[in-house]
1. Which residues, taken from the range 92-108, are closer than 19 Å to Val60 by Cα and assigned to a loop (DSSP other than H, G, I, E, B)?
2. Please go through (1) within 25 Å of Phe123 (Cα to Cα); (2) surrounded by fewer than 21 Cβ atoms within 10 Å (Cβ to Cβ); (3) more than 18 Å from the chain's Cα centre (by Cα) for Arg18 and return the number of the only condition it doesn't satisfy.
3. Does the range 53-70 contain at least one residue that is farther than 25 Å from Leu133 by Cβ, aliphatic (A, V, I, L, M), surrounded by fewer than 18 Cβ atoms within 10 Å (Cβ to Cβ) and not assigned by TED's automatic domain parsing to the domain that holds Gln135?
4. Which of the following residues is of a type outside the set (Ser, Thr, Tyr) and without any contact (Cβ under 8 Å) to a residue 12 or more places away in the chain: Arg27, Arg37, Arg54, Arg68?
5. Going through the range 71-91 one residue at a time, which ones are buried (at least 16 other Cβ atoms within 10 Å of the Cβ), more than 8 Å from the chain's Cα centre (by Cα) and touching a residue at least 12 places away in the same chain (Cβ under 8 Å)?
6. For the range 48-82, what are the residues that are in a helix (DSSP H, G or I) and either charged (D, E, K, R) or in contact with a His (Cβ under 9 Å, 6 or more places away or on another chain) (or both)?
7. Can you say whether Glu47 is farther than 24 Å from Thr25 by Cβ, surrounded by fewer than 20 Cβ atoms within 10 Å (Cβ to Cβ), more than 11 Å from the chain's Cα centre (by Cα) and of a type in the set (Asp, Glu), as far as the supplied structure shows?
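The values are calculated or read from the model by the stated rules, or taken from the named source; none is laboratory data. Since the structure is predicted, the reported quantities are computational estimates derived from the model, not experimental observations. All Cβ positions, even for glycine, are placed from backbone atoms using ideal geometry, and neighbour counts span all protein chains on display.
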Amino acid sequence: MPRLTPANFSPALYEYLRKYQEDPTSRIFAPLAEAYRKSGLAKEAVEIAREGLRIHPSFVGGRVALARALFDLRQYEDVMAELRSVVRDVPDNLVAQRLFGDSALMMGRPEEALTAFKMLLYFAPADAEVGQLVQELENRMYEEGDTRLRKDILPTRRPLDPELSGAGGFQTREVSEAFSGDRVLARKRWRSQIELLQGMLQRVERYRHQH
């Protein structure tokens, strides 16, 4: 168990730690990990959360606590991996949706970010910040006809060398170049995103009626 110092002392943390030491198999590991994270001990929080999830692998609160600590450590790929099942199976978990959406943006995956923010906005329609994010993502994805928010490099099937023709060679070019002039393709990609979101909303409706 990580050592505490006066610099990161927290009465709540010590209380959670005491309960955890009394019963290491309890779900108290989740608030304990969160208390460590808030004390600036994200690595220790990850360690505690992972240990707890080995005993309670389906505990959503523990998975969210782990994801928050991983986000603080900027391990965005791991955040998405931990929360993918949560945002799918428990779509009204607003913390998970926000963490997943923010991590997707940091990883340059605006289509996944848009799905998460749409779900977040569905359950919290008054959230002006999320509404603005959704609008910006929708506008940029429609205008650029691409599934990336940033002007990243896009691989194409243009061979680097004549000898590589037909052998899977690749060359890179700008996203704007790849899609400029092909508005039909852009609209097809956008329609597919809309269909995906509609499917997600239908699943959310079924979830809300069941719970």
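1. Asp92, Asn93
2. For Arg18, the exception is condition (1).
3. Our first condition is that a residue be farther than 25 Å from Leu133 by Cβ; within the range 53-70, this holds for 53-59, 61-62.
Narrowing the set further to residues that are aliphatic (A, V, I, L, M) leaves 53, 55.
From what's left, surrounded by fewer than 18 Cβ atoms within 10 Å (Cβ to Cβ): 55.
Adding the requirement that they be not assigned by TED's automatic domain parsing to the domain that holds Gln135 leaves 55.
Looking for residues that are farther than 25 Å from Leu133 by Cβ, aliphatic (A, V, I, L, M), surrounded by fewer than 18 Cβ atoms within 10 Å (Cβ to Cβ) and not assigned by TED's automatic domain parsing to the domain that holds Gln135, one finds at least one in the range 53-70, hence yes.
4. On the way: Arg27 fails: without any contact (Cβ under 8 Å) to a residue 12 or more places away in the chain; Arg37 fails: without any contact (Cβ under 8 Å) to a residue 12 or more places away in the chain; Arg68 fails: without any contact (Cβ under 8 Å) to a residue 12 or more places away in the chain.
Just one listed residue meets the conditions, Arg54.
5. Restricting attention to the range 71-91, the residues satisfying the condition of being buried (at least 16 other Cβ atoms within 10 Å of the Cβ) are 71-72, 75-76, 78-80, 82-83, 86-87, 90-91.
Now drop any that are not more than 8 Å from the chain's Cα centre (by Cα), which leaves 71-72, 75, 78, 82, 86-87, 90-91.
Result: Phe71, Asp72, Glu82, Val86, Val87, Val90, Pro91.
6. Taking the range 48-82 as the starting set, the residues that turn out to be in a helix (DSSP H, G or I) are 48-55, 60-72, 76-82.
Within the range 48-82, Arg50, Glu51, Arg54, Gly62, Arg63, Arg68, Asp72, Glu77, Asp78, Glu82 qualify.
7. Details: farther than 24 Å from Thr25 by Cβ: no; surrounded by fewer than 20 Cβ atoms within 10 Å (Cβ to Cβ): yes; more than 11 Å from the chain's Cα centre (by Cα): yes; of a type in the set (Asp, Glu): yes.
Judged against the criteria, Glu47 is not a match.
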